[in-house]
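Down below is the structure, laid out as structure tokens.
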Amino acid sequence: MPFTIQQASVHDVDLIAPLFDAYRVFYQQASDLHLAKKFLHERLQQQQSNIFFAIDQTNQGLGFVQLYPSFSSVSAKRLWILNDLYVAESARRLGVARQLMLRARAFAIQTGAKGLFLETTHDNHQGQSLYESLGYLRNSEYYYFLDLQDQLVSPTDA
């Protein structure tokens with residue numbers, strides 16, 4: 001199946017939102033297409049993320065990758081956080097994920113980034129295999145995460 005990879009703008013939100021919604025459902029979130037559209041529109045309008053998406057010849061969205069900017073103070077360089085990668089079930093095993101990952105890599109190189117950072121679940125063996133085939137290295141040495149989702153912060157705590 002022929003497809004192309006494009007960089008998204010706010011004009012592409014309606015095409016990408018169903019994929020983003022399916023991505024969220026995959027991670028046990030309730031389907032909410034309105035939320036998906038709003039979130040993507042805000043990220044793109046405010047230039048807070050870069051999204052690349054795969055589209056077939058019939059203008060059907062096949063998948064997307066979303067990158068968020070970050071920086072390394074030690075190297076004084078930009079980093080990109082590859083936060084989201086999703087391919088529609090009907091388009092899996094066709095090279096869509098690989099091409100999206102390669103486009104993200106090319107973008108990182110074009111922007112002079114030190115590298116790309118991503119996280120995945122421990123049981124995502126298919127994704128891990130893809131990442132490792134593209135040169136990503138596993139690093140569990142430095143990672144900590146403070147989950148603030150269920151914590152309330154009072155003004156005296158801040």
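The values are calculated or read from the model by the stated rules, or taken from the named source; none is laboratory data. Because the structure is a prediction, the values reported are computed rather than measured. Using ideal geometry, Cβ is built from the backbone for each residue, glycine included, and neighbour counts are taken over all protein chains shown.
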Open item on the list: I'm trying to understand the selection: among the residues of segment 102-125, which are of a type outside the set (A, V, I, L, M) and at pLDDT 90 or above?
Closed with: R103, R105, F107, Q110, T111, G112, K114, G115, F117
TODO: Residues being under 13 Å from the mean Cα position of the chain (by Cα) and either exposed (fewer than 12 other Cβ atoms within 10 Å of the Cβ) or basic (K, R) (or both): count how many of those fall in segment 102-127.
DONE: 3
Open item on the list: On the basis of being modelled with pLDDT of 85 or more and either under 25 Å from A8 (Cβ atoms) or surrounded by fewer than 13 Cβ atoms within 10 Å (Cβ to Cβ) (or both), does A158 make the cut?
Closed with: no
- [ ] Could you check Y131 against (1) aromatic (F, W, Y); (2) touching a residue at least 24 places away in the same chain (Cβ under 8 Å); (3) within 24 Å of S9 (Cα to Cα) and say which number it fails?
- [x] (3)
Task: Subset of segment 34-70 (residues that are over 17 Å from the mean Cα position of the chain (by Cα) and surrounded by fewer than 13 Cβ atoms within 10 Å (Cβ to Cβ)) - done: H34, Q57, T58, N59
- [ ] Quickly run through segment 18-28 and pick out the residues that are at pLDDT 95 or above, under 18 Å from Y68 (Cβ atoms) and out of contact with any strand residue (DSSP E or B) (no Cβ under 6 Å at 6 or more places or on another chain).
- [x] F20, R24
